[in-house]
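*Asks:* Below are the structure tokens for one structure; questions will follow.
The values are calculated or read from the model by the stated rules, or taken from the named source; none is laboratory data. Since the structure is predicted, the reported quantities are computational estimates derived from the model, not experimental observations. Glycine also receives a Cβ, built like all others from the backbone with ideal geometry; neighbour counts cover every protein chain displayed. Just so you know, the surface numbers come from the protein's heavy atoms only, side chains and all, with ligands and any DNA or RNA stripped out. Shrake-Rupley method; radii C 1.70, N 1.55, O 1.52, S 1.80 Å.
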Amino acid sequence: MTATYRLQLHAGFTFADAEAVAPYLGDLGVSHLYLSPVLQAVPGSAHGYDVLDHTRVSAELGGRDGLVSLAETARQHGLGLVVDVVPNHMALVAPEHANAPLWDVLTHGRAAAHAHWFDVDWDALDQRLGLPVLWESLDDVLAKGDLRLGEENGQQVLRYHDHVFPVADGTWDGDARADVATVLERQHYRLAGWRDRDEVLNYRRFFDVDSLIAVRVEEEDVFEATHAVLLDLNHRGLVEGFRIDHPDGLADPEGYLRRLRSRVRPGTAIWVEKILEGDELLPDWACDGTTGYDATKAVTAALVDRATAPALSFAWEAAGGQPFLGDVIDASKRQVVADVLVPERRRLLRRAVEVLPKADPERLAEAVDELLVACSVYRAYVRPGEEVDELARQRMQDALETASAARPDLKAELQQLADTALRPIDESGRDFAVRLQQTWGPVMAKGIEDTAFYRWHRLVALNEVGGDPDLLEIAAPEQMHAWAIHQQQNWPLGMTTLSTHDTKRSEDVRARLLAVAGDAESWGRCSDAFSEAARAHDVDPPTAHLVWQTLAGVGELDDDRLTSYLTKAMRESKQRTSWLDSDPEYEARVLALAREANGPGRLGALVQTAIDHNAEAVRALVLGQKLLELTLPGVPDTYQGTELVDLSLVDPDNRRPVDYDDRRARLERLRDEPPRDLDDEKLLVTHRALSLRRELRSCFGDLGDHQPLAGTSRHLVGFIRGGEVATLVTRAPKRLEVTGGWADATVMLPEGLWRDELTGALYGGADNLLSDVFGTYPVALMQKLHLR
């Protein structure tokens, strides 16, 4: 396996559509098509993570026959298949009978054959499953007569608009005049309005998404039932790798991966969607590495120009932005714990009270909150019943110390909770230990990525999944080299990536912003102008800081894309508006400012001038980060369409259709003609790097190595792979430009004759002028030649 290409499947892009682009992707140079989830999801799903039926390949995508046909066509073009797996949750949507295991539970309650499939706190709601799916309160729905008794497929049911709920045997005599409220009270579920979710919802969710109910794959029969189709496809040779979605949500990620590894064919690749924070390393799991967010951060660290950090910080604070990201993260996590993850918090507290019955419940509740807020990683990986390793113990100790520093008056309760998490002595304690860790992930994701990163806009290119906005002060190529050496030694098949379906901004949006960030003067002009315009529109300047960076990153947008993105960004910030309680007037003012700037007027011209003034820096960063990602240790993944310049924002913007006819024509033209534009150049870099990986597998595989390559300029980032391939890119390109260019700076390659695969130029091992090496492109991809 040398490289993957991610395809987002849905009714508008099916297995047949993927089959049609397989020849092009084979020519591009990848070895595997990397498919979003393929099992039967909610009809019309744009992503496939809302699985309804594990026993079927999605009919909308083309069914099993369509997947088999895709695998056969892919194989004809030298391609294998990798599939996304969703072990953590299933869809809970109308009509409820679409999810057969869930329907069984709704029908028969805790005694159902499938009751153990779902992570439900049955004791919290008098042995019933809470469903806060009504548009209004239950009393209002009953008063309006919107709940109706009836029959469907020979079974008695309750209907509510598109929702259909089973009526348990013996709870309704079939009398059409029966009191609905009385019948409802006899069911194994409890209906409630969506605003009552905090008191009623008693099942584990995917983060805060009520329509995704957690599945207990730690149970062997549940694992087998939910993975049977995928494992069959694997053992038949149709699927050669799996990407595991959100393993940190599982009760036992390590055990799950060990079981999966034991059930797949030898040689099957397994990657985990694991977000690593700070200096955190991937645990020693039975997998091949992460899906690549750590690689994204490493590449960014190599290219960010930290020299402009003071100017960018000054501009942000002058706009009224909070100086310290840590304070914003702490406040965001506290808000998420208090207002968003309330059912999870309540369930944790119930376990804590059971474990510590003598403790004051109110103080215990405050201690639980502090321990949740204090998490600095997605999970500590304490496994109840097994010896706690030193790293897991340290993660828990770090959280305890952070929480105790914030609330020294709760130190005793916090210590008791930490002791319970590390050494549970009964079933309630074990449940607390697991559930605390399962909740840390949502606190981190919702608190940081989906709240703080929508509030703190100093340089939004760094506000990325698994990213670190503080890189602005500390970024250096040495960080990337250290990461790469660790990757090669420990996870040589781990994915590397720059864009995914979950990234907040595409790689090229980030590149454009990093380019402008290297030009303090342009940055300051834009910031000042938008702060002034914000006050005229009665908009807070920090939000205007996001508006102008969005336009600088993406360029002029059509109104639907602009409105969709900024509405999402404002509501995710949960400050002046939110998804639950929106403020249309505030949102309208922000959108009015954005529309004024989204065009040829003064504000739009100012943003465009900043981009034009830094066009060469944009070019250097677009091509540089791509070449680094494609040649670093690991298996590079190209998100659909990003082999050309792609200016996309967070989903659903990054799921727009890809013009493969254009890409196919460009690739064909590049066989005989030089590139015409930056799109062509990025495609050339992608194609040549992927082709070289396929040709020289030993240099890039688990037997290769990564050797940093030094030159006489700090503006050079370079390395040698396997002694045979050299990657050279330009960092801090704007500062290089204003200080006079490469001048007499050189780079010494290992002894021998080297050919640049992008230009065909030849170089010796002696000192080579970087002005020559980068004479055509701001990057170089060199192969060592062996003359006979």
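*Asks:* When you check Arg345 against the structure, is it surrounded by fewer than 23 Cβ atoms within 10 Å (Cβ to Cβ), of a type outside the set (A, V, I, L, M, F, W, C), in contact with a Ser or Thr (Cβ under 8 Å, 6 or more places away or on another chain) and assigned to a helix (DSSP H, G or I), yes or no? Outline the logic, then answer.
*Replies:* On the way: surrounded by fewer than 23 Cβ atoms within 10 Å (Cβ to Cβ): yes; of a type outside the set (A, V, I, L, M, F, W, C): yes; in contact with a Ser or Thr (Cβ under 8 Å, 6 or more places away or on another chain): yes; assigned to a helix (DSSP H, G or I): yes.
Criteria met by Arg345.
*Asks:* What pairs come out if I take residues in region 50-66 that are of a type in the set (S, T, N, Q) and pair them with residues that are part of a strand (DSSP E or B) and at pLDDT 95 or above whose C-beta lies under 7 Å away, six or more apart or interchain?
*Replies:* Note: pairs meeting the criteria are Ser58/Leu39; Ser58/Gln40; Ser58/Ala41.
A quick yes/no check of all residues on (1) part of a strand (DSSP E or B); (2) farther than 19 Å from Thr638 by Cβ; (3) modelled with pLDDT of 95 or more; (4) not β-branched (Val, Ile, Thr):
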| residue | (1), (2), (3), (4) |
| --- | --- |
| Arg6 | yes, no, yes, yes |
| Glu19 | no, no, yes, yes |
| Pro23 | no, no, yes, yes |
| Asp27 | no, no, yes, yes |
| Leu33 | yes, no, yes, yes |
| His47 | no, no, yes, yes |
| Asp53 | yes, yes, yes, yes |
| Arg56 | yes, yes, yes, yes |
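*Asks:* Of these, Leu593, Leu606, Leu566, which one is open to solvent by 30 Å² or more (accessible area, probe 1.4 Å) and aliphatic (A, V, I, L, M)?
*Replies:* Numbers: Leu593 fails: open to solvent by 30 Å² or more (accessible area, probe 1.4 Å); Leu566 fails: open to solvent by 30 Å² or more (accessible area, probe 1.4 Å).
So the residue among Leu593, Leu606, Leu566 that is open to solvent by 30 Å² or more (accessible area, probe 1.4 Å) and aliphatic (A, V, I, L, M) is Leu606.
*Asks:* Would you point out the residue of region 161-184, among those that are of a type in the set (A, V, I, L, M) and touching a residue at least 24 places away in the same chain (Cβ under 8 Å), that is most open to solvent (accessible area, probe 1.4 Å)?
*Replies:* First, pick out the residues of region 161-184 that are of a type in the set (A, V, I, L, M): 164, 167-168, 176, 178, 180-181, 183-184.
Okay, now just the ones that are also touching a residue at least 24 places away in the same chain (Cβ under 8 Å), so 164, 168, 176, 178, 180-181, 183-184.
Details: Val164: 11, Ala168: 7, Ala176: 96, Ala178: 29, Val180: 27, Ala181: 41, Val183: 4, Leu184: 10 Å².
Out of the qualifying residues, it is Ala176.
*Asks:* Let me ask you something else. Out of curiosity, is Gly145 open to solvent by 10 Å² or more (accessible area, probe 1.4 Å), small (Gly, Ala, Ser), on the phi > 0 side of the Ramachandran plot and in contact with a Lys or Arg (Cβ under 9 Å, 6 or more places away or on another chain)? Before you say what the answer is, go through the steps one by one.
*Replies:* Numbers: open to solvent by 10 Å² or more (accessible area, probe 1.4 Å): yes; small (Gly, Ala, Ser): yes; on the phi > 0 side of the Ramachandran plot: yes; in contact with a Lys or Arg (Cβ under 9 Å, 6 or more places away or on another chain): no.
So Gly145 fails the test.
Conditions (1) in a helix (DSSP H, G or I); (2) farther than 30 Å from Asp528 by Cβ; (3) β-branched (Val, Ile, Thr), marked per residue:
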site: Gly441; (1), (2), (3): yes, yes, no
site: Met444; (1), (2), (3): yes, yes, no
site: Asp468; (1), (2), (3): no, no, no
site: Glu473; (1), (2), (3): yes, no, no
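*Asks:* Can you tell me which residue in region 185-204 is nearest to Gln156 (Cα to Cα), limited to those that are over 30 Å from the mean Cα position of the chain (by Cα), open to solvent by less than 10 Å² (accessible area, probe 1.4 Å) and of a type outside the set (S, T, N, Q)?
*Replies:* If we filter region 185-204 for residues that are over 30 Å from the mean Cα position of the chain (by Cα), which is where we start, we get 185-193.
Checking the rest, the ones that are also open to solvent by less than 10 Å² (accessible area, probe 1.4 Å) come to 187, 189, 191-193.
Add one more test, that the residue is of a type outside the set (S, T, N, Q), and what stays is 189, 191-193.
Values: Tyr189: 15, Leu191: 17, Ala192: 20, Gly193: 23 Å.
The residue in question is Tyr189.
*Asks:* Please give the strands (runs of 3 or more DSSP E) falling wholly within region 65-176 in which 1 or more residues are under 30 Å from Thr4 (Cβ atoms) and modelled with pLDDT of 95 or more. Give the steps one after another, and end with the answer.
*Replies:* On the way: elements: 80-85, 89-91, 129-134, 148-152, 155-160, 163-166.
Fully inside region 65-176 and qualifying: 80-85, 89-91.
*Asks:* Of a type outside the set (Phe, Trp, Tyr) and under 30 Å from Phe530 (Cβ atoms): does that describe Asp232?
*Replies:* Working: of a type outside the set (Phe, Trp, Tyr): yes; under 30 Å from Phe530 (Cβ atoms): no.
No, not satisfied.
*Asks:* Okay, moving on. With respect to Val717, is the statement that it is under 17 Å from Ala617 (Cβ atoms), in contact (Cβ under 8 Å) with a residue 12 or more places away in the chain and in contact with a helix residue (DSSP H, G or I) (Cβ under 9 Å, 6 or more places away or on another chain) true? Please lay out each step first, then the result.
*Replies:* Working: under 17 Å from Ala617 (Cβ atoms): yes; in contact (Cβ under 8 Å) with a residue 12 or more places away in the chain: yes; in contact with a helix residue (DSSP H, G or I) (Cβ under 9 Å, 6 or more places away or on another chain): yes.
Answer is yes for this residue.
*Asks:* Using the structure shown, decide if Thr503 is at pLDDT 95 or above, among the β-branched types (Val, Ile, Thr) and in a helix (DSSP H, G or I). Before the answer, list the steps.
*Replies:* On the way: at pLDDT 95 or above: yes; among the β-branched types (Val, Ile, Thr): yes; in a helix (DSSP H, G or I): no.
Spelling it out, it is not the case that Thr503 is at pLDDT 95 or above, among the β-branched types (Val, Ile, Thr) and in a helix (DSSP H, G or I).
Quick grid of which residues meet (1) in contact with an Asp or Glu (Cβ under 7 Å, 6 or more places away or on another chain); (2) among the basic types (Lys, Arg):
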| site | (1), (2) |
| --- | --- |
| Ile329 | no, no |
| Val337 | yes, no |
| Val340 | yes, no |
| Glu344 | no, no |
| Val353 | no, no |
| Cys375 | no, no |
| Arg383 | yes, yes |
| Glu387 | no, no |
| Ser404 | no, no |
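*Asks:* Taking the stated definitions as given, is Ala352 small (Gly, Ala, Ser), surrounded by 22 or more Cβ atoms within 10 Å (Cβ to Cβ) and modelled with pLDDT of 95 or more?
*Replies:* Values: small (Gly, Ala, Ser): yes; surrounded by 22 or more Cβ atoms within 10 Å (Cβ to Cβ): yes; modelled with pLDDT of 95 or more: yes.
Against the criterion (small (Gly, Ala, Ser), surrounded by 22 or more Cβ atoms within 10 Å (Cβ to Cβ) and modelled with pLDDT of 95 or more), Ala352 qualifies.
*Asks:* Does Leu758 fit the bill of being in contact (Cβ under 8 Å) with a residue 40 or more places away in the chain, part of a loop (DSSP other than H, G, I, E, B), hydrophobic (A, V, I, L, M, F, W, C) and surrounded by 14 or more Cβ atoms within 10 Å (Cβ to Cβ)? Break it down stepwise before answering.
*Replies:* Values: in contact (Cβ under 8 Å) with a residue 40 or more places away in the chain: yes; part of a loop (DSSP other than H, G, I, E, B): yes; hydrophobic (A, V, I, L, M, F, W, C): yes; surrounded by 14 or more Cβ atoms within 10 Å (Cβ to Cβ): yes.
For Leu758, the condition - in contact (Cβ under 8 Å) with a residue 40 or more places away in the chain, part of a loop (DSSP other than H, G, I, E, B), hydrophobic (A, V, I, L, M, F, W, C) and surrounded by 14 or more Cβ atoms within 10 Å (Cβ to Cβ) - is met.
*Asks:* Something else about it: I'd like the full set of residues that are assigned to a loop (DSSP other than H, G, I, E, B) and either within 17 Å of Gly441 (Cα to Cα) or in contact (Cβ under 8 Å) with a residue 24 or more places away in the chain (or both), limited to region 251-266. Talk me through it step by step, then tell me what you get.
*Replies:* Initially, region 251-266 is screened for residues assigned to a loop (DSSP other than H, G, I, E, B), giving 251-252, 264-266.
Answer for region 251-266, where residues must be assigned to a loop (DSSP other than H, G, I, E, B) and either within 17 Å of Gly441 (Cα to Cα) or in contact (Cβ under 8 Å) with a residue 24 or more places away in the chain (or both): Ala251, Asp252, Val264, Arg265.
*Asks:* With (1) open to solvent by less than 80 Å² (accessible area, probe 1.4 Å); (2) at pLDDT 95 or above as the list, and His613 as the residue in question, which single condition is left unmet?
*Replies:* So the condition that His613 fails would be (1).
*Asks:* What are the residue pairs meeting all of these: first residue in region 278-305, first residue in a helix (DSSP H, G or I), second residue of a type in the set (Phe, Trp, Tyr) and open to solvent by 10 Å² or more (accessible area, probe 1.4 Å), Cβ atoms under 6 Å, and 6 or more apart or on different chains?
*Replies:* Correct list of pairs: Ala298/Trp483.
*Asks:* Among (1) among the basic types (Lys, Arg); (2) part of a loop (DSSP other than H, G, I, E, B); (3) closer than 22 Å to Leu276 by Cα, there is one condition Lys358 misses while meeting the rest; what is its number?
*Replies:* (3)
*Asks:* Filter region 205-250 for residues that are in contact with a Lys or Arg (Cβ under 7 Å, 6 or more places away or on another chain) and in a loop (DSSP other than H, G, I, E, B); which is surrounded by the fewest Cβ atoms within 10 Å (Cβ to Cβ)?
*Replies:* Filtering region 205-250 for residues that are in contact with a Lys or Arg (Cβ under 7 Å, 6 or more places away or on another chain) and in a loop (DSSP other than H, G, I, E, B), the one surrounded by the fewest Cβ atoms within 10 Å (Cβ to Cβ) comes out as Phe207.
*Asks:* I would also like to ask the following. Can you name every residue in region 43-55 that is farther than 18 Å from His227 by Cα and of a type in the set (A, V, I, L, M)?
*Replies:* First, pick out the residues of region 43-55 that are farther than 18 Å from His227 by Cα: 43-47.
Once the filter is applied, which keeps residues that are farther than 18 Å from His227 by Cα and of a type in the set (A, V, I, L, M), region 43-55 yields only Ala46.
*Asks:* Based on this model, can you work out whether Asp653 counts as surrounded by fewer than 16 Cβ atoms within 10 Å (Cβ to Cβ) and of a type in the set (D, E, K, R)? Walk me through it before giving the result.
*Replies:* On the way: surrounded by fewer than 16 Cβ atoms within 10 Å (Cβ to Cβ): no; of a type in the set (D, E, K, R): yes.
No; evaluated as a whole, the condition is false for this residue.
*Asks:* Would you call Arg535 open to solvent by 40 Å² or more (accessible area, probe 1.4 Å), touching a residue at least 12 places away in the same chain (Cβ under 8 Å) and assigned to a helix (DSSP H, G or I)? Quick ask: steps written out before the conclusion?
*Replies:* Working: open to solvent by 40 Å² or more (accessible area, probe 1.4 Å): yes; touching a residue at least 12 places away in the same chain (Cβ under 8 Å): no; assigned to a helix (DSSP H, G or I): yes.
Considered against the rule, which asks whether it is open to solvent by 40 Å² or more (accessible area, probe 1.4 Å), touching a residue at least 12 places away in the same chain (Cβ under 8 Å) and assigned to a helix (DSSP H, G or I), Arg535 comes out as no.
*Asks:* Also: Select from region 717-768 the residues that are closer than 19 Å to Val516 by Cα and of a type in the set (A, V, I, L, M) and list them in ascending order. Walk me through it before giving the result.
*Replies:* Initially, region 717-768 is screened for residues closer than 19 Å to Val516 by Cα, giving 729-741.
Of everything in region 717-768, those that are closer than 19 Å to Val516 by Cα and of a type in the set (A, V, I, L, M) turn out to be Val729, Ala732, Leu736, Val738.
*Asks:* Starting from region 350-363, keep only residues that are within 18 Å of Arg407 (Cβ to Cβ), then list their pairs with residues that are surrounded by 15 or more Cβ atoms within 10 Å (Cβ to Cβ) and among the aliphatic types (A, V, I, L, M) whose Cβ atoms are within a distance under 7 Å, requiring at least 6 positions of separation or different chains.
*Replies:* Listed pairs, sorted by first residue: Ala352/Leu364; Ala352/Val368; Ala352/Leu417; Leu356/Leu364; Pro361/Val353; Arg363/Leu410.
*Asks:* Just to verify a result, which residue in region 27-45, among those that are closer than 14 Å to Phe15 by Cα and in contact with a helix residue (DSSP H, G or I) (Cβ under 8 Å, 6 or more places away or on another chain), is surrounded by the most Cβ atoms within 10 Å (Cβ to Cβ)? If you could, list the steps in order and put the result at the bottom.
*Replies:* As a first pass, look at region 27-45 and keep what is closer than 14 Å to Phe15 by Cα: 33-40.
Next, from what is left, pick out any that are in contact with a helix residue (DSSP H, G or I) (Cβ under 8 Å, 6 or more places away or on another chain): 33, 35, 38-39.
Working: Leu33: 25, Leu35: 24, Val38: 28, Leu39: 23.
Looking at the filtered set, the residue picked out is Val38.
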